[in-house]
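J.: One structure, pasted below without further comment.
The values are calculated or read from the model by the stated rules, or taken from the named source; none is laboratory data. Just so it is clear, the model here is predicted, and its values are computed rather than measured. Ideal geometry is used to build each Cβ from the backbone, glycine not excepted, and the neighbour counts take in all protein chains shown.
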Amino acid sequence: MLGALAVAFCVALIVAGLYLRLARGRVLDLPNERSSHDRPVPRGGGVAILAGFIVGLVVWLLSGNALSIRAIGWLIGALLIAGVSFIDDLRSLPAGLRLGVHVLGALLLTAAGAQSGELSLAVAVPLAFAWVALVTNVYNFMDGIDGLAASQAVFAGAALAIAGTFVHNPLVAIGGGLCAAASAGFLIYNLPPARLFMGDVGSTFLGFNFAGLSLLGNLGVGGGKLPIEFGVVVLAPFLFDSLVTLGRRILRGERWYEAHRSHFYQRLVVRGLSHAQVTALYAGLAVLAAAAALGGLVLDQPLRQALAVVAYLPMLAVVLLVWRLESSHVVTP
């Protein structure tokens, strides 16, 4: 597996460099009301993550490994979503078309779960769709400053790789490992100050993969089973930031579906922290979340559920930091 991961890293690094040359001055992400950058930067660089993942997977398959037929739906769904997202990065597509592809991807992924016999189709489809839609969109929302989404992918993917190895699930191990390795290769160009943005092709591909691999791992597709709490814990920093922000906007009567800069990571940047500082902070939180998710593998269910709650507590430090920074900027008459 290590050879495939090395290939994924190298391919992503090379493709990112080539894409940067081609996209410079052509496919630019221009600053807007939601963005946290103040200069045009080429977007769509997540195609390097996709390329690294695919080539690494081919190397793994050629090394005598095989994908379960029940995993094909996940792979097809991931490629469909990445493909339509890359086109959208190059030229905007109708929202209905993008939504339709996301629904199709979730349904293809759910087909594997329905075969497990643990969930009826009527239950499995809505649950899987909700989880996949949530994580895919959360990852897209959180890809807003230099290095944030890619660094999270390195740690979450590595945790999935370790967990898959621990429970003897090669599918989860290679899938998570390839996401981590390819994201690390791309991260070289995405570290602050970023020369290249991953765009929707990268964020939706990673989000769909993390949702899919944790779901398939829960169901034992490809080998041993992951605890059901694993995906919720390993992505704790992103899920907390997005869901609390969404709840806050709804309670305040804001149009929650419109572009904004209300995420905790965005508010930290607005209040003076650099992209590097915020990304480093969230990387530390990602390490804690990964450690908690992996620690849960050796605990029984009650303790594992308690650990899942505890894993979200470090995010309260971010809430406190935002509150202190914003309070210090309040202008009194």
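J.: Among the listed residues 64, 117, which satisfies the condition of being modelled with pLDDT under 80, at positive phi, loosely packed, with under 14 Cβ neighbours inside 10 Å and not basic (Lys, Arg)?
T.: On inspection, the qualifying residue turns out to be 117.
J.: Quick check on region 268-300: of everything there that is assigned to a helix (DSSP H, G or I), in contact (Cβ under 8 Å) with a residue 40 or more places away in the chain and not aliphatic (A, V, I, L, M), which residue is surrounded by the fewest Cβ atoms within 10 Å (Cβ to Cβ)?
T.: The residue in question is 275.
J.: Does any residue in region 226-239 that is in contact (Cβ under 8 Å) with a residue 40 or more places away in the chain come within less than 8 Å, Cβ to Cβ, of a residue that is of a type in the set (Ser, Thr, Tyr) six or more places away or on a different chain, and which pairs are these?
T.: Short answer, once both residue conditions are applied: 226/214; 230/214; 231/214; 234/214; 236/312; 237/282; 238/139.
J.: State which residue is farthest from residue 205 (Cα to Cα) when the search covers only region 80-98 and only residues that are small (Gly, Ala, Ser) and surrounded by 18 or more Cβ atoms within 10 Å (Cβ to Cβ).
T.: In this case the residue turns out to be 85.
J.: May I ask you to list the residues in region 14-53 that are surrounded by fewer than 19 Cβ atoms within 10 Å (Cβ to Cβ), of a type in the set (A, V, I, L, M) and at pLDDT 85 or above?
T.: Once the filter is applied, which keeps residues that are surrounded by fewer than 19 Cβ atoms within 10 Å (Cβ to Cβ), of a type in the set (A, V, I, L, M) and at pLDDT 85 or above, region 14-53 yields 14, 18, 20, 22.
J.: Taking residue 77 as the residue in question, decide whether it is modelled with pLDDT of 85 or more, surrounded by 15 or more Cβ atoms within 10 Å (Cβ to Cβ), of a type outside the set (Ser, Thr, Tyr) and not in a helix (DSSP H, G or I).
T.: No: the conditions fail for residue 77.
J.: Right, here's the next one. May I ask you to list the residues in region 156-170 that are in a helix (DSSP H, G or I) and crowded, with 24+ Cβ neighbours inside 10 Å?
T.: Scanning region 156-170 gives 156, 157, 159, 160, 163, 164.
J.: Then there is this: What residue, of 313, 226, 215, is surrounded by 24 or more Cβ atoms within 10 Å (Cβ to Cβ) and assigned to a loop (DSSP other than H, G, I, E, B)?
T.: None of the other options fit; the residue is 226.
J.: Another question, if that's okay. Which of the residues belonging to region 41-74 are closer than 24 Å to residue 4 by Cα, in a loop (DSSP other than H, G, I, E, B) and in contact (Cβ under 8 Å) with a residue 40 or more places away in the chain?
T.: Scanning region 41-74 gives 44, 45, 46, 63, 65, 67, 68.
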